[in-house]
Each structure stands twice: as structure tokens, then as C-alpha cells.
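Each remark here refers to the structure printed beneath this line.
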Amino acid sequence: MFKKALAVDLTYPDTGLPGENKTDNFVVDVVTNLVGWLLLVLGSIAVISFVIAGIFYLTSAGYEDKMENAKRAMMYSIIGVVVGLLGFVVVKAIDAWMRGSVNF
């Protein structure tokens, strides 16, 4: 009367995406990778702005207002680099804490 169901074992190819293994946490990996990428982009922009501020300082030709603007731009770009590095450290520390690791 009832037919026996056939168990079919489907295997999928490995795509290299995070979270394919059921022991991985896909959401944590995606968020960690996204935050790392964003911090890399923001850090790169801060370094480029520091270089541009240095060029403005060199080309200020002794004008005090241009020199002050260049110094202010350098200060803001240094703050950007520090914030980017602190963000990276905080993300890595939280990731290590949530995974139960003592080292990060």
C-alpha cells in the first residue's frame, strides 16, 4: 500500500563561501568580513587625505590661513587613522570574545 521513500544523498560542489560547513556561523563571518572591508576602505581614505593635506601644507607658500587649514586636515586624517585602527581592534576583540578564544 505505502511505498518506501528513497533517501537521496545530494552533494553540492564546494563554492568556497563562508558558512557552507554547518559548523561555521555564516552571519558572524559575513559581518566580520564586511566590517573589516569597510575599515580597510576608511583607513585608506584617511591615509590618502593625510597625503593630500601634506601637499597642501607644502604648497601653502607661507600663508598662515592655508597652513592652518592643512594642519587641521592632517589632524583630522590622523584621527581617522586612529579611529580606523581602534575599530579594527575592537571588532577583532569582540569576534574573539564571542568565539570563546583568549587570544585575538
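Scan segment 48-77 residue by residue and report those that are under 18 Å from the mean Cα position of the chain (by Cα) and loosely packed, with under 15 Cβ neighbours inside 10 Å.
Ile48
Being over 14 Å from Gly87 (Cα atoms) and either touching a Ser or Thr at 6+ places or on another chain (Cβ under 7 Å) or polar (S, T, N, Q) (or both) is the filter here; which residues of segment 45-63 pass it?
Of segment 45-63, the ones over 14 Å from Gly87 (Cα atoms) are 45, 47-63.
Once the filter is applied, which keeps residues that are over 14 Å from Gly87 (Cα atoms) and either touching a Ser or Thr at 6+ places or on another chain (Cβ under 7 Å) or polar (S, T, N, Q) (or both), segment 45-63 yields Ser49, Phe50, Ala53, Thr59, Ser60.
Collect the residues in segment 56-104 that are farther than 30 Å from Val27 by Cα and among the aromatic types (Phe, Trp, Tyr), keeping them in residue-number order.
Phe56, Tyr57, Tyr63, Tyr76 - these are the residues of segment 56-104 that are farther than 30 Å from Val27 by Cα and among the aromatic types (Phe, Trp, Tyr).
Tell me the residue from Val8, Val27 that is of a type in the set (A, V, I, L, M, F, W, C), outside any loop (DSSP other than H, G, I, E, B) and modelled with pLDDT under 85, please. Walk me through how you get there before you give the answer.
Numbers: Val8 fails: outside any loop (DSSP other than H, G, I, E, B).
The match here is Val27.
Restricting attention to segment 40-58, does a residue exist that is at pLDDT below 80 and out of contact with any strand residue (DSSP E or B) (no Cβ under 7 Å at 6 or more places or on another chain)? Outline the logic, then answer.
Our first condition is that a residue be at pLDDT below 80; within segment 40-58, this holds for 43.
Filter once more, so that each one left must be out of contact with any strand residue (DSSP E or B) (no Cβ under 7 Å at 6 or more places or on another chain): 43.
Yes.
Being modelled with pLDDT of 80 or more and in a helix (DSSP H, G or I) is the requirement here; does Val82 meet it?
Details: modelled with pLDDT of 80 or more: yes; in a helix (DSSP H, G or I): yes.
Here the answer is yes, as Val82 does meet what is asked.
The values are calculated or read from the model by the stated rules, or taken from the named source; none is laboratory data. This structure is a prediction, so every number in the text was calculated from the model and none was measured. Note: ideal-geometry Cβ built from the backbone for every residue, glycine included; neighbour counts use all protein chains shown.
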